[in-house]
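What follows is one structure encoded as structure tokens, with my remarks underneath.
Laboratory data are not the source of any read-out in this text; all were calculated from the coordinates shown. None of the values given here were measured: they were computed from a predicted structure. Using ideal geometry, Cβ is built from the backbone for each residue, glycine included, and neighbour counts are taken over all protein chains shown.
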Amino acid sequence: MKKFRCFVALLAAMIFSLEMLVPLAGQYAPPPSVKPSEEVLKKIDERMNKLEGVLRLFRREKIADPILADIEVYLKAATWITQHDEFYDKNAGDWTVEALERGLLRAGLVSQGQWPWFQRTGAAVVHGYRSVIDGSVQPYAVTLPADYGKEVKKWRLEVVLHGRNASLTEVSFLHQFNGDKPAPKDQDYIRLDVYGRGNNGYRWAGERDVAEAVQHFFLVEQRMNRAALLDDKRSVLRGFSMGGAGTWHLGLHYPDQWCVISPGAGFTTTHGYLKELPAQLRPYQEACLRIYDAVDYAENAFNVPVVAYGGEKDPQLQAARNIEQRLQADLGREEAKKVAMKLLVAPGLGHQLPPQWQKKMAEARSEYIAKGRPDYPPHVRFVTYTLKYPSCYWVYIWGMQRHYEKASVQAERVEEGFKVTTRNVRILRLRMPEGATRQAITVQIDGQRVLAQPYEQPVLNSAALFVDLEQRDGRWQAVLPQKIEVDQLRKPQKTNHFQGPIDDAFTAPFLCVRGTGTPWHEATEEYARANLERFRKEWSKYFRGELPLKDDVEVEAQDIAGRHLVLFGDPASNSLIAQVLQGLPFTWTKDKITWNGKDYSASEHVPVLIYPSPLSPNHYVVLNSGHTFHAADFQGSNALLYPRLGDYAILKLIGDKKDPLNVKVCTAGLFDDFWRLSTVQSGP
């Protein structure tokens, strides 16, 4: 269970899960909305008002999560389907009434001091959790086996990622998992179905959704005094189509969380999958593809077995072929054979996963489930391209030399300490095995021998021994963890979960701040307002939450201390921009913006960037930007959800009041690993 908590800390007309057939990639446009009858609309309105009133009463009575969120999730579903007019099925109006009535039923039970759905087994049960990112309530579903808790036995978890479904809404998700259909009698595991904030390919906030849903499940089981029933060494991640892409991504980025991953179809690379993509993007965009392209993390299959699937005639079979080819290229043919990867190819089938092949996949996973995930494997081989994904088992990369270039660690636990080979690693942490003592050890690293003294550090609710090493001028030395922490505070540097790009700010708690003052130039203010409004609409539609938003005069100390600040406006209109400006790597006056020695007219240009906040350690400040991809990308392939601007850009305004968002990129790029301007990954 600790492993999943670490994963989180780091981290229907119908929802298509692994068991269902999925439309071919490219069919993404939702069907027309089917307006419910006036009678149904009246029922929806009446029940929404009633449930909203009950929830207000519960809040006054201090009824809290998880009970409150488990009721509120039904109101949220009805609110979003009506707000966005997403009645994509002829029955969607009735499903909305059904959802509200289930919420009212739960509320009635709570009023009597009962919450029996937490005890239900043998059928799907919907839960809601409150996201730390934006405070929104998001759904997921858990199906406990019929005899869960009725015998002395530990149960494993299977996390299931759904495929792309243009008709997917919270209401359709709740309808699919309304508990009317009993679980298979032979189900010998706990099934957790993720909503993932919709159809975003489990990227950005969608990635965090998986972690938060799993965390919430473990929290509920602890509250129910059932934590002892859980077996966290045999957890499985699986999915088909978009769920397959998500499984490749989450499985290879977090290889120490699962005993086996089981992707069906999907995609593992952007180039080649997106046929219309130019052969070469701008340098900073190419670099940012390495955040999510699972093929770049293929070597991490060394740490987690893979049971993959594809139809012989399915173009998405290439996802698994890409991984096989990269393993051979990176490890060599003979070493690649040692990686525990099985690829099941269904003769004659296209983009399908029928029951007989589901069964074959389950059978192929069984040997790895029986073995379970090791607590402390003697050998770790870990690859990353960003400190967004910094660790595997007992290996932690605290600092890289160059972001978005391959960083790797091969590490073995040996009798005298550790034997390690690194590439593109500047700071490394190694965790000692449980039961180790604080005696000095020897670390053989990159041909050097370093004597290191282990130090105790807190890990969740316990403690462990670690060794920290830093490379300076080509030489490794043991260092105290406090030295690393103070260095990172005094000298800004990209580190774990604090590395950009702009889009990364929206995977953790953030607050958008609009200015209330008089702007220097109306054109830049029009752009800031329009960009904020676009972000608000896109966040609501595609990430299924209300955008956290305040005026600059309303921002409180806890906002500054606990959230990334996303500031819209200029130093005259937004008082917080004026406060942070001296701590940013450029100057901005009423007349000009000076960036990297070049002047830009302030009346015609807008700076956007992500940078360490001058107001709070370990938080970002973002200027004049939400996500750098937009509605057309969300409506296209999930592979389009890659950063467009990197860490920074200067935008020239070429629109007018009719289209204030029309801009030209003058310069954009990525800061280096010490948040300095770099010419390597920049361009127009």
| query | lysines near K406 by alpha-carbon distance under 30 Å, same-chain residues fewer than 8 away left out - which ones? | reply | K2, K3, K233, K275, K337, K338, K342, K388, K419, K483, K491, K494
| query | If one computes the Cα centroid of the range 93-116 and of the range 196-270, what distance in Å separates the two points? | reply | 28 Å
| field | Residue-averaged 222 nm ellipticity for the chain, from DSSP H runs of 4+ at -39500 (n - 2.57), nearest 500 | value | -9000 deg cm²/dmol
| said: For the range 295-383, which GluC sites (Glu not before Pro) pass both filters: DSSP loop (anything but H, G, I, E, B) and at most 11 other C-beta atoms within 10 Å? | reply: E312
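Please rank T507, T384, fewest neighbouring Cβ atoms within 10 Å first, as an exposure proxy.
Placing the least packed residue first, the sequence is T507, T384.
Show me the ranking of peptides 432-441, 413-422 by mean Cβ neighbours inside 10 Å, starting with the highest. Walk me through the numbers on the way to the answer.
Numbers: 432-441: 12.4, 413-422: 16.6.
The packing order, highest mean first, is 413-422, 432-441.
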| query | Measuring from label point to label point, each 7 Å out along Cα→Cβ, what is the T679 to A279 span in nm? | reply | 2.6 nm
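In nm, what is the difference between 0.36 nm times the number of residues separating R534 and E52 and their Cα-Cα distance?
My answer for the length gained is 170.8 nm.
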| Hey, can you rank 391-400, 576-585, 100-109 by average C-beta count inside 10 Å, highest first? | 391-400, 100-109, 576-585
| Under 23 Å Cα-Cα from K90, which lysines qualify once same-chain neighbours fewer than 8 residues away are excluded? | K35, K42, K43, K76, K181, K541
| query | Hey, how many Å between the Cα centroid of the range 33-47 and the Cα centroid of the range 434-451? | reply | 68 Å
| task | Provide the percentage of antiparallel DSSP beta bridges, counting only those with both residues in the range 89-201; round to the nearest 5. | result | 70 percent
| remark: In nm, the gap between the two label points placed 7 Å beyond Cα toward Cβ at E61 and D591 is 6.6 nm
| remark: Quick note, the range 379-490: a/c under 1.5 would make it rounded; otherwise a/b > b/c is prolate and the rest oblate (a ≥ b ≥ c, C-alpha gyration tensor); here it is rounded
| query | How would you order 543-556, 190-203, 51-64 from highest to lowest mean count of nearby Cβ atoms within 10 Å? | reply | 190-203, 543-556, 51-64
| Residue-wise HN-Hα coupling along the range 212-218, computed from phi with Karplus coefficients 6.51, -1.76, 1.60 (Hz; x: Gly, Pro) | 5, 5, 5, 4, 5, 4, 5
| message | Give me the extension gain from Q119 to Q356: residue separation times 0.36 nm, minus the current Cα-Cα distance, reported in nm with one decimal. | response | 82.1 nm
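Work out the P(r) tail for the chain: percent of alpha carbon pairs separated by more than 51 Å, whole number. Walk me through the numbers before you get to the answer.
Values: 23323 of 233586 pairs.
The proportion of pairs with Cα distances above 51 Å equals 10 percent.
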| query | Hey, quick one: spin label on K491, modelled 7 Å out along Cα-Cβ, who in the range 376-415 has an amide N within reach, i.e. under 18 Å? | reply | 398-403
| query | So how compact is the range 502-683: Cα radius of gyration and Dmax in angstrom? | reply | 15.3, 41
| Computed lengthening from K657 to L41, 0.36 nm per intervening residue step minus Cα-Cα distance | 218.1 nm
| Cα centroid separation, the range 653-684 to the range 131-187 (Å) | 42 Å
| said: Only bridges whose two residues both fall in the range 502-683 count here: according to DSSP, what percent of them are antiparallel, nearest 5? | reply: 65 percent
| Across the range 485-496, in residue order, what do the Karplus-derived ³J(HN,Hα) couplings come to in whole Hz, using 6.51 cos²θ - 1.76 cosθ + 1.60 with θ = phi - 60° and x for Gly and Pro? | 5, 5, 4, 6, 6, 7, 10, x, 8, 6, 9, 4
| field | In nm, spacing of pseudo-spin labels at A561 and V414 (7 Å Cα→C-beta vector) | value | 4.7 nm
